Amino acid sequence: MAELGRYNTLTVIDELPQGIYLDDNEEGRLLLPRRQIPEGTKKGDSLNVFVYLDSDDRPIATLQRPRVQLHQAAALEVKEVNRTGAFLDWGLAKDLFVPFGEMNQRMEEGKTYVVYVYLDNTNRLIATAKLNRFIKDEAKATWPGAADPFEQGDKVNLLIAQRTDLGYKAVVNNEYWGLIHESQIRTAIRVGQRMDGYVRRVREEDHRLDISLEPLGHVRIDPVADKIMKKLKDGNGSLGLNDKSPADLIELHFGVSKRAFKMAIGKLYKERQIVIEDNGIRLATAEEKVRSDLKPTPKTDGKKPAGNERNEKKTFSDKKPHPARSDKTTSENKAKDTKKSEAEKPKPEKPKTKKTVYKNPKAPGGKTLSLKK
């Protein structure tokens, strides 16, 4: 049985004036209108068709490509509003219906709204603007022991759904909510826009998704490097930006952060594809690609560099011994020499003091008594 709101591969079983009929297994057969039959189609051929309900609520096949399928979200324009609801242009002959009960606010003709397609209780394809009924806040496993649906760095499909104070809310893979923080937005985006993104973080506390518009880590460098090379080749082989350029100027040209740009030109430099100059970068020549150093050498104007910049060989005697390499014997010899030199120094003479001699008249033999003053 063909699934409503999806693409189905069905076999041609009959051809009549109004069109060809496709085998719908137990449910009978589906009509593909004659104006849509590919040239050369015959019985037994298989066709990949989209199945939906016509104006009489009968299943019908089409080769037209709708802007949205069952269980998907999309931004669609309102073609008409009547007393029952609004009708959206989704690229098929019959418009997509939105009842008033499925609107957050009354829709207006000519305006675009983000909606989700599902089957109602009568098995009709309808749309709703109440996305929270179908889009999940928490990106976690549906049962214990199962793997979580996302890991950091995973590439995802985004539909920008709503502007918030923190940034933009986006529908991730038609199933989960994700938040693109203002700090992660480096290019203009709008509500209703489809784009690729990357899981920056799955928050541990509530399992909600933070989304980045740039690849994480080294994965993001290759696309930026490709953009830089394309811009160099499309131009004159040079670009007035380098790792010292202002961040806002880099963001204006490439829509990436300065850090991502620096990593990209660093990668190209290591691969010897570019030369980094003071005023920008340029493509490396064939000769420069085989050199190990592509950075510009400072201009000397023909003058010989002075001082330590001279490329002169030092003799062994010019080299000063490293303080950590002095051996024990050398230090002992130095200590002995120091003691010897101190011993050989003449000692200073002490000043002589005069002695006062007193005679003792009572002492026999006229002996005297010497006293120090």
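When PRO66 is tested against (1) more than 29 Å from VAL172 (Cα to Cα); (2) surrounded by 14 or more Cβ atoms within 10 Å (Cβ to Cβ); (3) touching a residue at least 12 places away in the same chain (Cβ under 8 Å), exactly one condition is not met: (1). Taking segment 184-207 as the range and being open to solvent by 60 Å² or more (accessible area, probe 1.4 Å) and touching a strand residue (DSSP E or B) at 6+ places or on another chain (Cβ under 8 Å) as the test, the residues that pass are ARG190, VAL191, ARG194, ASP196, ARG200, ARG201. Screening ASP137 on (1) surrounded by fewer than 20 Cβ atoms within 10 Å (Cβ to Cβ); (2) in contact with a helix residue (DSSP H, G or I) (Cβ under 8 Å, 6 or more places away or on another chain) shows it passes everything except condition (2).
Of the set (1) surrounded by 13 or more Cβ atoms within 10 Å (Cβ to Cβ); (2) at pLDDT 85 or above, all apply to LYS233 but (1). Evaluated against (1) open to solvent by 50 Å² or more (accessible area, probe 1.4 Å); (2) over 30 Å from GLU138 (Cβ atoms), LEU268 falls short on exactly one condition, (1). When GLU77 is tested against the conditions (1) open to solvent by 40 Å² or more (accessible area, probe 1.4 Å); (2) modelled with pLDDT under 95, the lone failure is (2).
Of all the criteria given as (1) open to solvent by less than 30 Å² (accessible area, probe 1.4 Å); (2) out of contact with any Leu (no Cβ under 8 Å at 6 or more places or on another chain), the one not satisfied by ALA93 is (1). Residues of segment 71-102 that are aromatic (Phe, Trp, Tyr) and either under 20 Å from ASN157 (Cβ atoms) or not in a strand (DSSP E or B) (or both): TRP90, PHE100. Would you check if there is a residue in segment 238-246 being part of a strand (DSSP E or B) and within 30 Å of LEU76 (Cα to Cα)? Looking through segment 238-246, none of the residues is part of a strand (DSSP E or B) and within 30 Å of LEU76 (Cα to Cα).
Checked against (1) within 16 Å of ALA2 (Cα to Cα); (2) touching a Pro at 6+ places or on another chain (Cβ under 8 Å), ARG124 passes all but a single condition, namely (2). Looking only at segment 182-201, decide whether some residue is touching a Leu at 6+ places or on another chain (Cβ under 9 Å), modelled with pLDDT under 95 and part of a helix (DSSP H, G or I). Yes, segment 182-201 contains a residue that is touching a Leu at 6+ places or on another chain (Cβ under 9 Å), modelled with pLDDT under 95 and part of a helix (DSSP H, G or I). Taking segment 36-59 as the range and being within 25 Å of VAL117 (Cβ to Cβ) and either open to solvent by 40 Å² or more (accessible area, probe 1.4 Å) or more than 47 Å from the chain's Cα centre (by Cα) (or both) as the test, the residues that pass are ASN48, SER55, ASP56, ASP57, ARG58, PRO59. Does at least one position in segment 208-221 carry a residue that is in contact (Cβ under 8 Å) with a residue 60 or more places away in the chain and open to solvent by 50 Å² or more (accessible area, probe 1.4 Å)? Within segment 208-221, one or more residues are in contact (Cβ under 8 Å) with a residue 60 or more places away in the chain and open to solvent by 50 Å² or more (accessible area, probe 1.4 Å). The set of residues from segment 107-156 being of a type in the set (S, T, N, Q) and touching a residue at least 40 places away in the same chain (Cβ under 8 Å) comprises THR112, ASN123, GLN152. Would you be able to say whether some residue in segment 6-29 is hydrophobic (A, V, I, L, M, F, W, C), in a loop (DSSP other than H, G, I, E, B) and surrounded by 10 or more Cβ atoms within 10 Å (Cβ to Cβ)? No, that holds for no residue. Reported count of residues in segment 1-28, each being charged (D, E, K, R) and closer than 21 Å to ARG124 by Cβ, is 5.
The values are calculated or read from the model by the stated rules, or taken from the named source; none is laboratory data. Computed from a prediction, not measured in an experiment: that's the story for all the values here. So basically every Cβ, Gly included, is an ideal-geometry build from the backbone, and we count neighbours across all protein chains shown. When the accessible area is computed, the model is the full protein with side chains, heavy atoms only, and any ligands, DNA or RNA have been set aside. Shrake-Rupley method; radii C 1.70, N 1.55, O 1.52, S 1.80 Å.
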